[in-house]
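Comments concern the structure below.
The values are calculated or read from the model by the stated rules, or taken from the named source; none is laboratory data. Computed from a predicted structure; not experimentally measured. All Cβ positions, glycine included, derive from the backbone under ideal geometry; neighbour counts span all protein chains shown.
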């Protein structure tokens with residue numbers, strides 16, 4: 001499956017965001033010997049999955065091949081014992097002008113980081129999309145924010161890169 005997605009740093013949170021549906025997500029990125037772990041084991045609410053994302057074209061992180069295998073809880077727990085890096089977040093599903101904004105509110109060592117993802121059905125739809133006011137900057141192409149690179153880091157580890165976008169911690 002090809003995933004078309006844009007990722008933004010949040011500038012602010014909609015006041016009613018806590019009223020929207022959400023899921024607790026735990027991501028475990030499996031050590032692959034590189035700086036970018038691309039194999040992810042996810043607990044998404046009460047669902048479990050194994051996913052690998054790889055860019056379709058070099059240099060364009062907005063277009064990726066996503067391969068996902070459903071797991072059960074026992075399989076997830078078995079994989080969780082592998083050498084991996086962890087990310088925890090709450091994902092809110094917020095409707096904005098006909099699109100679903102997925103607000104990822106990071107917890108733990110990455111508290112204060114909020115990313116907003118939008119997925120699209122076509123390249124034309126993605127290309128025509130205008131960044132909403134609650135977003136600060138398009139960071140789709142920024143490697144430091146990719147899940148497999150971000151995993152295992154602290155807010156302080158990425159603060160220098162975030163400062164390049166004049167990002168300020170966002171809290172719910």
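Would you pick out the residues in the range 120-150 that are out of contact with any helix residue (DSSP H, G or I) (no Cβ under 9 Å at 6 or more places or on another chain) and over 19 Å from residue 167 (Cα atoms)?
121, 122, 123, 124, 125, 126, 127, 128, 129, 130, 148
With respect to the numbered conditions (1) farther than 23 Å from residue 33 by Cα; (2) at pLDDT below 95, which one is the sole condition not fulfilled by residue 151?
(1)
Against the conditions (1) surrounded by 19 or more Cβ atoms within 10 Å (Cβ to Cβ); (2) in contact with a helix residue (DSSP H, G or I) (Cβ under 9 Å, 6 or more places away or on another chain); (3) within 16 Å of residue 170 (Cβ to Cβ), where does residue 104 fall short? Just the number, please.
For residue 104, the exception is condition (2).
Could you check the range 16-47 and list, in sequence order, the residues that are crowded, with 16+ Cβ neighbours inside 10 Å and part of a loop (DSSP other than H, G, I, E, B)?
Answer for the range 16-47, where residues must be crowded, with 16+ Cβ neighbours inside 10 Å and part of a loop (DSSP other than H, G, I, E, B): 37, 38.
Tell me, which residue of the range 109-119 that is without any contact (Cβ under 8 Å) to a residue 60 or more places away in the chain and under 15 Å from the mean Cα position of the chain (by Cα) is nearest to residue 161 (Cα to Cα)? Spell out how you get there, then give the answer.
Let us first name the residues in the range 109-119 that are without any contact (Cβ under 8 Å) to a residue 60 or more places away in the chain, namely 109-110, 112-113.
Remaining after also requiring under 15 Å from the mean Cα position of the chain (by Cα): 110, 112-113.
Numbers: 110: 14, 112: 14, 113: 12 Å.
The selected residue is 113.
Can you name the residue in the range 50-75 that is loosely packed, with under 10 Cβ neighbours inside 10 Å and modelled with pLDDT of 85 or more and is also farthest from residue 129 (Cα to Cα) among such residues?
Only one residue fits best here, namely 74.
Restricting attention to the range 13-31, does a residue exist that is under 19 Å from residue 137 (Cβ atoms) and touching a residue at least 24 places away in the same chain (Cβ under 8 Å)?
Checking the range 13-31: at least one residue is under 19 Å from residue 137 (Cβ atoms) and touching a residue at least 24 places away in the same chain (Cβ under 8 Å).
Consider residue 91 carefully, then state whether it is modelled with pLDDT under 95, surrounded by 15 or more Cβ atoms within 10 Å (Cβ to Cβ) and out of contact with any helix residue (DSSP H, G or I) (no Cβ under 6 Å at 6 or more places or on another chain). If you could, list the steps in order and put the result at the bottom.
Values: modelled with pLDDT under 95: no; surrounded by 15 or more Cβ atoms within 10 Å (Cβ to Cβ): yes; out of contact with any helix residue (DSSP H, G or I) (no Cβ under 6 Å at 6 or more places or on another chain): yes.
No, not satisfied.
So in the range 48-76, with the set limited to residues that are in a loop (DSSP other than H, G, I, E, B) and in contact (Cβ under 8 Å) with a residue 60 or more places away in the chain, which one is farthest from residue 34 (Cα to Cα)?
62
Check residue 123 against each of (1) over 24 Å from residue 18 (Cα atoms); (2) in contact (Cβ under 8 Å) with a residue 40 or more places away in the chain; (3) surrounded by fewer than 18 Cβ atoms within 10 Å (Cβ to Cβ); (4) under 13 Å from the mean Cα position of the chain (by Cα) and name the one condition it does not meet.
Only one criterion in (1) over 24 Å from residue 18 (Cα atoms); (2) in contact (Cβ under 8 Å) with a residue 40 or more places away in the chain; (3) surrounded by fewer than 18 Cβ atoms within 10 Å (Cβ to Cβ); (4) under 13 Å from the mean Cα position of the chain (by Cα) is unmet by residue 123, namely (4).
Here are some residues: 16, 32. Which one is over 15 Å from the mean Cα position of the chain (by Cα), farther than 25 Å from residue 167 by Cα and at pLDDT below 95?
From the options 16, 32, the qualifying one is 32.
Could you list, in sequence order, all residues of the range 128-172 that are within 15 Å of residue 109 (Cα to Cα) and loosely packed, with under 13 Cβ neighbours inside 10 Å?
Within the range 128-172, 154, 156, 169, 171 qualify.
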